[in-house]
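Data first, discussion second: the structure below is written as structure tokens.
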Amino acid sequence: MQLNDPVRHHLQDWLTEDIGPGDLTTDSFPEFRLSRHQAILRAREPGVLAGLDLALEVFRLLDPDLGVEPPRLRDGDALDAGTVLARLQGVTAAILTGERTALNLLQRLSGIATQTRRFVQALEGSRTVLLDTRKTTPGFRLFEKYAVRVGGGHKHRMGLFDGVMLKDNHLAAAGSIRQAVLQARARVPVTVRVEVETENLDQVREALAAGADIIMLDNMDLARMREALEVIQGRALVEASGRIRLEDLPALAALGLDFISTSAVVTRAVWLDIGLDFSAT
């Protein structure tokens, strides 16, 4: 991830949240501001790395003179248990104070990248593209979606501003799929695709007739999706979503879907176990 000013502002805000008026524990040892230590970031279980540069930047915000042995790893690399991610050399207090914020980022993002990689691998050999969703942590979306990309997934929408998705409540408020599509089409740029969420074959037919660019098959079983694809016959892109499980992906990919979108790559991702330990200098 590019370490631009907005990203650094996020990192500084998260440090401020944790430190508050001061690190009571570390500040109890004034000598820690004068001494230096070496610390090692190490994976404690297999997974996919994401967020290493962000974690290192956390420490640099506290110690601009931090020394880092050039990492041989990059985001997206596979990790084994015991893999050393980086060796740090810096002010003892800075490493101690920044440890939790840095690890929170590194563990969370690596967990998402690891989960995403499992989903992507389950689709290998098919034409189906894995997409994320807007089910993300408020204020942390940029980073969670970055971790999905690192794991091999793709962005569905970053937010409400970069795509038209007519969901069930939009359709109910507009009165019909046809009316919703026509009204959206009249107001958005011609380069923007209009997607319609459908729950049954009647809605699929209506969305197709209305000229939807993408038809989402929401919470449909395999048999119903197969019928829907026969109705659509390539006249719109097709996305499956809703209760997508890892074990279901090969069968879904075999249908010939264009996209599968799932929040599970973020919402069901488990933090990857990564630790930081002081070592002899």
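The values are calculated or read from the model by the stated rules, or taken from the named source; none is laboratory data. As the structure is a prediction and not an experimental result, all values here were calculated from the model. Ideal geometry is used to build each Cβ from the backbone, glycine not excepted, and the neighbour counts take in all protein chains shown. To get the accessible areas, we keep the full protein, side chains included, count just its heavy atoms, and leave off ligands, DNA and RNA. Shrake-Rupley method; radii C 1.70, N 1.55, O 1.52, S 1.80 Å.
Please find, within region 231-254, the residue that is modelled with the highest pLDDT out of those that are under 20 Å from G125 (Cα atoms) and of a type in the set (V, I, T). The selected residue is V238. Annotation: D23 fulfils all but one of (1) in contact (Cβ under 8 Å) with a residue 24 or more places away in the chain; (2) under 28 Å from the mean Cα position of the chain (by Cα); (3) more than 29 Å from G82 (Cα to Cα); (4) open to solvent by less than 60 Å² (accessible area, probe 1.4 Å); the unmet one is (2).
This table checks each residue for (1) closer than 16 Å to A113 by Cα; (2) open to solvent by 10 Å² or more (accessible area, probe 1.4 Å); (3) outside any strand (DSSP E or B).
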{"position": "Q38", "(1), (2), (3)": "no, yes, no"}
{"position": "R42", "(1), (2), (3)": "no, yes, no"}
{"position": "A50", "(1), (2), (3)": "yes, no, yes"}
{"position": "A55", "(1), (2), (3)": "yes, no, yes"}
{"position": "L73", "(1), (2), (3)": "yes, yes, yes"}
{"position": "G82", "(1), (2), (3)": "no, yes, yes"}
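Among the candidates R118, R60, R87, the residue that is touching a strand residue (DSSP E or B) at 6+ places or on another chain (Cβ under 6 Å) and either modelled with pLDDT under 95 or open to solvent by 50 Å² or more (accessible area, probe 1.4 Å) (or both) is uniquely R87. Out of P30, P46, one residue alone is farther than 28 Å from K135 by Cα and surrounded by fewer than 16 Cβ atoms within 10 Å (Cβ to Cβ). It is P30.
Out of curiosity, is T101 hydroxyl-bearing (S, T, Y), touching a Leu at 6+ places or on another chain (Cβ under 7 Å) and buried (at least 19 other Cβ atoms within 10 Å of the Cβ)? Here the answer is yes, as T101 does meet what is asked.
If we scan region 184-205, do we find a residue that is closer than 20 Å to D162 by Cβ, part of a loop (DSSP other than H, G, I, E, B) and among the basic types (K, R)?
Scanning region 184-205 turns up at least one residue that is closer than 20 Å to D162 by Cβ, part of a loop (DSSP other than H, G, I, E, B) and among the basic types (K, R).
Evaluating H156 against the criteria (1) part of a loop (DSSP other than H, G, I, E, B); (2) more than 26 Å from G111 (Cα to Cα) leaves one unmet condition, (2). Could you tell me whether region 104-112 includes any residue that is more than 30 Å from S241 (Cα to Cα) and out of contact with any Ser or Thr (no Cβ under 8 Å at 6 or more places or on another chain)? Scanning region 104-112, I find no residue that is more than 30 Å from S241 (Cα to Cα) and out of contact with any Ser or Thr (no Cβ under 8 Å at 6 or more places or on another chain), so the answer is no. Taken together, the residues in region 123-164 that are surrounded by fewer than 19 Cβ atoms within 10 Å (Cβ to Cβ), touching a helix residue (DSSP H, G or I) at 6+ places or on another chain (Cβ under 7 Å) and closer than 15 Å to A264 by Cα amount to 3. Please tell me if E17 is without any contact (Cβ under 8 Å) to a residue 60 or more places away in the chain, closer than 23 Å to G139 by Cβ, surrounded by 13 or more Cβ atoms within 10 Å (Cβ to Cβ) and among the acidic types (D, E). Considered against the rule, which asks whether it is without any contact (Cβ under 8 Å) to a residue 60 or more places away in the chain, closer than 23 Å to G139 by Cβ, surrounded by 13 or more Cβ atoms within 10 Å (Cβ to Cβ) and among the acidic types (D, E), E17 comes out as no. If the condition is being closer than 13 Å to A94 by Cβ and free of Cβ contacts under 8 Å to residues at least 60 places away in the same chain, then region 28-54 contributes L34, S35.
Could you say which residue among T116, T133, T97, T101 is part of a loop (DSSP other than H, G, I, E, B) and polar (S, T, N, Q)? Unique residue meeting the criteria: T133.
Please specify each residue of region 165-183 satisfying the condition of being part of a helix (DSSP H, G or I), surrounded by fewer than 16 Cβ atoms within 10 Å (Cβ to Cβ) and free of Cβ contacts under 8 Å to residues at least 12 places away in the same chain. Of everything in region 165-183, those that are part of a helix (DSSP H, G or I), surrounded by fewer than 16 Cβ atoms within 10 Å (Cβ to Cβ) and free of Cβ contacts under 8 Å to residues at least 12 places away in the same chain turn out to be N169, A172, A173, Q179, Q183.
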